[in-house]
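Q: Quick one: this structure, given as structure tokens, is what I'll be asking you about.
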Amino acid sequence: MLNNIISAVNDKSYFTNDKSAYKDLISNHKLHLPNMAGLLSKRANKALGNPDFLVRYLLEALGNAYDLTDNPGGIVNLGTVENKTCEDIWLKKVEELAPSIVEKSSLYYYNLSGLDTLRRSIGEFLATKLELPKPLDPEKIILLDGVTAILNAVALAIADEGDTILCPTPSFGRFLNDIGDVAGVRFYKVPMFEECDTGDAAEFHISIIEKYYKQAVSEGHTVKGVILCNPQNPTGKVYTKADVSSLLDFCASKEIHIIVDEIYALSCYDKPQFTSVLQCDIPDPNRTHFLWGFSKDLSLSGYRCGMIYTPNTQLLDYLRKVSMFCTIPAPVQIILNGIISDTEWLDTVYFPIYQKRLRENFEIARAGLEKLGIPVYKGTAGNYIWMKLTKYLPNKTTEEEIALFQKILQGGVYLCPGSEMFCHYPGWFRLTFTTYKDHVIEGLKRMEHVLSTC
């Protein structure tokens with residue numbers, strides 16, 4: 001039985017063989033609004049009104065995935081932020097740890113908000129990597145099945161249905177769904193990216209946050225917080241300590257929450273180096289919440305483990321109560337604990353190789369785009385490049401951007417259009433470079449062919 005589990009883990013086709021299953025999933029993620037009033041709740045109908053672009057096109061790419069041997073005409077996925085740079089290393093590590101899933105403790109009920117050992121190991125790991133003076137208190141850490149689940153639960157806890165959370169944009173497109181689909185919390189865009197030839201197009205301006213906070217209030221919104229993704233997705237911008245501190249001070253002055261998503265904290269491929277919110281002076285600890293997960297920095301998106309660290313005891317009590325709905329299976333947590341507590345392996349094997357490959361893949365993507373004459377934002381972190389294709393849009397409209405997206409998709413490459421990242425300017429796209437190196441190269445070739453006909 002154990003050998004079958006290990007074999008399944010090592011066979012990456014195990015999850016992608018059934019193309020018809022993906023087609024069914026794709027159909028389910030398309031927006032269907034037939035005349036069936038009263039069939040679902042108001043909350044469910046509102047969620048259906050926010051179609052999930054990223055999930056839909058991930059499923060489409062999975063259903064026709066490019067493979068040099070088995071499916072050379074398939075789609076090269078440069079749109080989903082997934083980290084495959086160290087797949088070979090992880091498969092060996094998981095095979096080494098797989099016997100631990102038969103531990104007796106994995107058979108029965110356990111602390112549903114995270115195994116004590118794993119929460120303690122994460123607190124020690126992050127303290128070391130983020131250069132904190134002491135380990136994070138495991139009693140202030142909650143683990144749920146992904147950062148998406150954490151955001152959903154936090155939104156339910158800090159805001160009522162119809163309340164509002166601000167977010168600097170462009171941003172990760174799913175933030176809208178994460179806080180809105182279940183909790184019914186409104187996502188309010190704060191445009192923080194400018195099209196400019198000089199300076200930093202994604203420079204942080206607290207004055208813009210203040211302006212849009214006042215605007216939201218004047219429009220009748222009840223603002224409960226701000227989400228900040230740092231390092232930023234999709235630009236790769238790393239906010240400075242002064243940037244984060246100014247936002248902390250602003251949120252404290254308005255008595256609103258600040259949710260800082262640092263899921264790319266250990267994925268810097270160039271200077272400046274990253275400064276965590278946990279390294280800052282925090283004026284309102286009870287309204288300051290730190291998020292991180294295993295998906296990006298540790299390349300384990302399939303293991304579905306996200307965490308929140310907060311001193312807010314009421315929020316912690318609520319998250320423990322609802323953790324029953326989004327618990328991480330014990331065998332998964334046991335494996336993750338084996339990984340994250342093996343600091344020698346992480347420091348001598350994984351992170352040196354990951355940093356090297358992250359930089360190499362970035363350079364391949366950057367050089368390929370430079371060859372095509374495509375401008376890019378000079379980000380320094382993350383798994384993606386923010387690039388400008390506006391010269392292929394005659395009238396620079398969102399409709400033209402989506403038409404270009406479809407044309408590139410038909411040419412066999414999935415990119416994420418800026419409009420799905422709430423970008424104010426049509427023509428920006430996010431390209432993920434942390435897939436297989438040959439996929440990055442093939443995707444750039446296909447992009448060149450498509451764009452040459454525009």
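Q: Tell me the residue from Ala159, Ala149, Ala127 that is within 30 Å of Arg430 (Cβ to Cβ) and more than 16 Å from the chain's Cα centre (by Cα), please.
A: Answer to the check: Ala159.
Q: In addition: Residues in segment 364-376: is at least one farther than 22 Å from Lys445 by Cβ and assigned to a loop (DSSP other than H, G, I, E, B)? If you could, list the steps in order and put the result at the bottom.
A: Taking segment 364-376 as the starting set, the residues that turn out to be farther than 22 Å from Lys445 by Cβ are none.
Looking for residues that are farther than 22 Å from Lys445 by Cβ and assigned to a loop (DSSP other than H, G, I, E, B), one finds none in segment 364-376, hence no.
Q: Here is a further query. Strands (runs of 3 or more DSSP E) wholly in segment 85-204 with at least 3 residues that are closer than 22 Å to Thr275 by Cβ and in the same structural domain as Ile227 (by the TED database) - which ones? Talk me through it step by step, then tell me what you get.
A: Numbers: elements: 141-144, 164-169, 186-191.
Passing ranges, in order: 164-169.
Q: Let me ask something else about it. Can you name the residue in segment 412-424 that is open to solvent by 10 Å² or more (accessible area, probe 1.4 Å) and in contact with a helix residue (DSSP H, G or I) (Cβ under 7 Å, 6 or more places away or on another chain) and is also nearest to Phe53 (Cα to Cα) among such residues?
A: Among those that are open to solvent by 10 Å² or more (accessible area, probe 1.4 Å) and in contact with a helix residue (DSSP H, G or I) (Cβ under 7 Å, 6 or more places away or on another chain), it is Glu420.
Q: Same structure, new question: Could you say which residue among Thr434, Thr390 is over 21 Å from the mean Cα position of the chain (by Cα) and either outside the structural domain of Asp270 (by the TED database) or over 20 Å from Lys237 (Cα atoms) (or both)?
A: Numbers: Thr434 fails: over 21 Å from the mean Cα position of the chain (by Cα).
From the options Thr434, Thr390, the qualifying one is Thr390.
Q: Can you name the number of the only condition in (1) open to solvent by less than 40 Å² (accessible area, probe 1.4 Å); (2) under 24 Å from Gln232 (Cα atoms) that Leu451 fails?
A: It fails just one condition, (2).
Q: I'm trying to understand the selection: among the residues of segment 161-187, which are without any contact (Cβ under 8 Å) to a residue 60 or more places away in the chain and farther than 23 Å from Thr240 by Cα?
A: Asp178, Ile179, Ala183, Val185, Arg186, Phe187
Q: Here's another thing I want to ask about it. Hey, among the residues in segment 140-157 that are hydrophobic (A, V, I, L, M, F, W, C) and open to solvent by 10 Å² or more (accessible area, probe 1.4 Å), which one's nearest to Leu300 (Cα to Cα)?
A: Of everything passing the filter in segment 140-157, Val147 is nearest to Leu300 (Cα to Cα).
Q: Looking at Ile374, Ile402, Ile385, Ile364 in this structure, which one is outside the structural domain of Phe172 (by the TED database), over 21 Å from Thr434 (Cα atoms) and among the β-branched types (Val, Ile, Thr)?
A: The conditions single out Ile402.
Q: Return the residues of segment 196-211 that are more than 20 Å from Trp386 (Cα to Cα) and touching a Phe, Trp or Tyr at 6+ places or on another chain (Cβ under 7 Å); say none if nothing qualifies.
A: Ile206, Ile209, Glu210
Q: Okay, moving on. Here are some residues: Asp88, Asp160, Asp116, Asp137. Which one is touching a helix residue (DSSP H, G or I) at 6+ places or on another chain (Cβ under 8 Å), modelled with pLDDT under 95 and either closer than 17 Å to Asp317 by Cα or surrounded by fewer than 20 Cβ atoms within 10 Å (Cβ to Cβ) (or both)?
A: Answer to the selection: Asp116.
Q: Still on this structure, please answer the following. Identify, please: which residue in segment 286-318 is part of a helix (DSSP H, G or I) and closer than 30 Å to Lys93 by Cα and is, among those, least open to solvent (accessible area, probe 1.4 Å)?
A: Per the criteria, the residue is Ser301.
The values are calculated or read from the model by the stated rules, or taken from the named source; none is laboratory data. Because the structure is predicted, anything quoted here is derived from the model rather than measured. Heads up, the Cβs are rebuilt from the backbone with ideal geometry, glycines too, and the neighbour counts pull from every protein chain shown. The accessibility values were calculated without ligands, DNA or RNA, using every heavy atom of the protein model including side chains. Shrake-Rupley method; radii C 1.70, N 1.55, O 1.52, S 1.80 Å.
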